[in-house]
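Enquirer: Sharing a structure, written as structure tokens. Questions coming.
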């Protein structure tokens, strides 16, 4: 079971969510913070006391949840952030994912779906609530400076590695990629190793983020 930190400035919402998560029996410890400063203190503390999952609101009285995400999301051994907010603007959702969030959901999400989302995030997968996912930016809107920069990063890949990158980003398994490219699974694994090494990627989540930025896959 994983520890969770709820960061939200509404005490009733925090307590209600804490009670629901405790009742699910899926989490070992549930902490709370009502201010960005309180959350920052917890996330700056000893590693053994840090949460594994952070449920993070965007609008806090003393700062922005996005600022917290950008500050702590890229650190070594960083917790996994799932944004839980009333803001459903497509640009904010995408900004959060690119900044390092593993997930995004509205505060209206059913509890069962939220718990599933937390478990997916804990497994190093991206979770975006279905209603928000349908409303994300289109590839045309994604194009621009950020997309050009992402594509420039990908130029270091060989043609076969690029093919593998695209299929990995779409969720294909090494076996499926091997069949699509007409090579062995071992060869695909070598491609995958080269991709992660050349691009400095640490997880499938980072690979998907880069593919989103480059417009290779649609949100």
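The values are calculated or read from the model by the stated rules, or taken from the named source; none is laboratory data. Keep in mind the model is a prediction, meaning the values are calculated, not measured. Heads up, the Cβs are rebuilt from the backbone with ideal geometry, glycines too, and the neighbour counts pull from every protein chain shown.
Enquirer: Those residues that are touching a strand residue (DSSP E or B) at 6+ places or on another chain (Cβ under 9 Å) and more than 20 Å from residue 117 (Cα to Cα), I need them from the range 71-82; list them, please.
Expert: Listed by number, the list holds a single entry, 72.
Enquirer: Is it the case that some residue within the range 31-45 is modelled with pLDDT under 90 and surrounded by 16 or more Cβ atoms within 10 Å (Cβ to Cβ)?
Expert: Looking for residues that are modelled with pLDDT under 90 and surrounded by 16 or more Cβ atoms within 10 Å (Cβ to Cβ), one finds none in the range 31-45, hence no.
Enquirer: Counting only residues that are farther than 22 Å from residue 209 by Cβ, give me the helices (runs of 4 or more DSSP H) lying completely in the range 1-117 with at least 2 of them. Before the answer, list the steps.
Expert: On the way: elements: 11-24, 36-43, 65-72, 90-99.
Here the list reads 11-24, 36-43.
Enquirer: Something else about it: Which one of these is in contact with a strand residue (DSSP E or B) (Cβ under 6 Å, 6 or more places away or on another chain) and either farther than 21 Å from residue 70 by Cα or modelled with pLDDT of 80 or more (or both): 101, 148, 88?
Expert: 101
Enquirer: If you scan the range 19-40, which residues turn out to be within 16 Å of residue 109 (Cβ to Cβ) and either free of Cβ contacts under 8 Å to residues at least 24 places away in the same chain or under 21 Å from the mean Cα position of the chain (by Cα) (or both)?
Expert: Within the range 19-40, 21, 26 qualify.
Enquirer: Is it fair to say residue 85 is surrounded by fewer than 20 Cβ atoms within 10 Å (Cβ to Cβ), under 20 Å from residue 132 (Cβ atoms) and free of Cβ contacts under 8 Å to residues at least 40 places away in the same chain?
Expert: On the way: surrounded by fewer than 20 Cβ atoms within 10 Å (Cβ to Cβ): no; under 20 Å from residue 132 (Cβ atoms): yes; free of Cβ contacts under 8 Å to residues at least 40 places away in the same chain: yes.
In short, no.
So that you can scan it fast, the table gives a plain yes or no per residue for (1) within 15 Å of residue 85 (Cβ to Cβ); (2) assigned by TED's automatic domain parsing to the domain that holds residue 203; (3) surrounded by fewer than 17 Cβ atoms within 10 Å (Cβ to Cβ):
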residue: 14; (1), (2), (3): yes, no, no
residue: 23; (1), (2), (3): no, no, yes
residue: 27; (1), (2), (3): no, no, no
residue: 50; (1), (2), (3): no, no, no
residue: 56; (1), (2), (3): yes, no, no
residue: 62; (1), (2), (3): no, no, yes
residue: 69; (1), (2), (3): yes, no, no
residue: 73; (1), (2), (3): no, no, no
